[in-house]
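Values quoted throughout were computed directly from the atomic coordinates according to the rules given, and no laboratory measurement underlies them. No experiment lies behind these values; they were computed from the predicted model shown. Neighbour counts run over all protein chains shown; Cβ positions are idealised from the backbone, glycine included.
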Amino acid sequence: MMPIGTVVLKAGPHRVLKGSPWVYRTELEPADAEPGSVVQVKTREGRILGQGFYNPRSMITVRMVAWGPHGEVTPELFQRRVDEAVKLRQEVAAGRDAFRVIHSEADGVPGLIVDKYGPMLVVQVTSLGLVPYLESVMDTLSAAYHPEGIFEHGDLSVRDREGLPRENRLLRGDLVSPVEIHEHGVRLEVDVVGGQKTGHFLDQYENRGRVGALAAGRRVFDAFSHTGAFGLAAALHGAESVVGIDIDPAAVRRAQENARINQVDERVQFVAENAFDWLRRESDRGPQYDLGILDPPAFTKSKESVPQAIKGYKEINLRGIKLVRPGGFLVTSSCSYHLSESDFIGVVQAAAHDARRAVRIVEIRGQGPDHPILPALPESRYLKCLILAVGS
């Protein structure tokens, strides 16, 4: 498909000139291209950078797809990108029945997330420009995985800005939900229709395995536990006891059912409560646990709200550190890409100082390899995970 418009960069040191796939509205001269169309991107001097999806409704106005003067956005291009993504997962997610198949810009398919849960594929589309190519993408995915069904999780606020309807729908085949998946020996039921994101947080897979390796003989708390994957990994790998806390009663019910399926319900308790309240109340009683897990939702989705988010991260880390006995570990995460790794480490340091406890970082981790990172797009490295050794 040939571009039906051209956009021109203003003068300036724009990130797209160094390979970033995002072009912001403020970086472009006025243009009259249609929302969702393919445009050619040029510099003021006339150099063609490539082609991308255009949508003036979004602050990220162009999402680059094809690079260079001969780059062209076509169905065949997306078929190749999907094939490449599938082959990568055969290497980095071998033996798993649940993993991310396509990670948006990092796999060269802007605005598309695809997660595999056993026999189901769950997709999220957040770019209007991708819609004309979606059938071709689904054909390629179907040929690779032969899923029983492909479900679109489309009730997302970002779709409002793109001009896309907010709706969940079955794209192909039959709906299987809940579906059982397996992680580090843990059986998990995932609700691909009503669950958060696409039903589960696959980016923490590797880190849940690390928690399992640390858990034997320890008393564990798992704050913001969702459907219990961290806590159950700990329990199945020998934790003495686990308590999980989440504000969502539906997630807690699913976690309790997952505990029963794994036959660890006698050692595991999940409670429906605000995790901030639980952490505050329990930490006032002093250290009680040998391993703590903090896996909160993103506290900020914009640069403007980072200062407020830092307060939230500091509060839960202060309380988490206070709850861990000397010699124990705290596994703490942030999925807010607006909060950098160095800032997150600073938050942890400030929390430890105020808690009057010594901590050492023994591991700096992040998202799993099925969630690849573009060096030119720092925002694609959004998950930070620290393992802290907590002293006296």
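Can you compute the charge dipole magnitude of the stretch 75-176 about its Cα centre, using +1 on each Lys and Arg Cβ and -1 on each Asp and Glu Cβ, nothing else charged? Give it in debye, rounded to the nearest 20.
So the magnitude is around 140 debye.
Assuming R0 = 45 Å, what is the FRET efficiency of Ser142 and Arg325, from their Cβ-Cβ distance, to the nearest 0.05?
0.30
If each DSSP helix of 4+ residues adds -39,500 (n - 2.57) and the sum is divided by the residues in the chain, what number results at 222 nm, nearest 500 deg cm²/dmol?
After summing the helix terms and dividing by the residues of the chain, the value is -8500 deg cm²/dmol.
Within the chain, which is the longest segment containing none of the trypsin sites (Lys or Arg not before Pro) that sit in a DSSP loop and have at most 10 other Cβ atoms within 10 Å?
1-284
Would you work out the Kirkwood radius for the stretch 191-311? I mean one over the mean of 1/r across all pairs of different Cα atoms, in Å.
Averaging 1/r across every pair of different Cα atoms and inverting gives 14.9 Å.
By DSSP, what percent of the beta bridges with both residues in the chain are antiparallel, rounded to the nearest 5?
65
Just check the stretch 5-67 against the gyration tensor rule for me: Cα atoms, a ≥ b ≥ c as the square roots of the eigenvalues, rounded for a/c under 1.5, and otherwise prolate or oblate depending on whether a/b exceeds b/c.
Since a/c stays below 1.5, the shape of the stretch 5-67 is classed as rounded.
Among all the lysines, which ones have a C-alpha under 30 Å from Lys314's C-alpha, if same-chain residues fewer than 8 places away are not counted?
Partners found: Lys197, Lys301, Lys303, Lys322, Lys384.
Out of these labelled values of P(r) over Cα pairs in 20 Å bins from 0, in percent, [x] 27, 53, 20, 1; [y] 25, 44, 24, 7, 0; [z] 21, 49, 27, 3, 0, which was calculated from the coordinates shown here?
Among [x] 27, 53, 20, 1; [y] 25, 44, 24, 7, 0; [z] 21, 49, 27, 3, 0, the one derived from this structure is [x].
Which one, Gly368, Val176, Ala85, projects farthest toward the positive side of the charge dipole computed for the chain from Cβ point charges (K/R +1, D/E -1)?
After comparing all options, I get Gly368.
Check Gly50: other-chain or 5+ apart residues with amide H under 5 Å from its amide H, H built from backbone geometry?
Val41, Gly68
Could you check the spin-label model distance between Thr6 and Ile48? Points 7 Å from the Cα along Cα→Cβ, value in nm.
1.0
What does the charge dipole of the chain about its Cα centre add up to, to the nearest 20 debye, if the Cβ of each Lys and Arg holds +1 and the Cβ of each Asp and Glu holds -1?
The calculation lands at about 1300 debye.
First measure r as the distance between the Cβ atoms of Asp160 and Ile364, then evaluate 1/(1 + (r/R0)^6) with R0 = 45 Å and state the FRET efficiency to the nearest 0.05.
About 0.80, to the nearest 0.05.
Work out the length of the dipole vector of the stretch 180-390 about its Cα centre, built from +1 on the beta-carbon of each Lys and Arg and -1 on the beta-carbon of each Asp and Glu, and round it to the nearest 20 debye.
My answer is approximately 680 debye.
State the answer as a single residue: which of Val211, Val190, Ser157 lies farthest towards the positive end of the charge dipole of the stretch 156-303, with beta carbon charges of +1 for Lys and Arg and -1 for Asp and Glu, about the Cα centre.
Positive-most Cα among the choices belongs to Ser157.
Can you find, among Asn274, Val114, His353, the residue farthest towards the positive end of the dipole of the chain? Put +1 on the C-beta of Lys and Arg, -1 on that of Asp and Glu.
It is His353.
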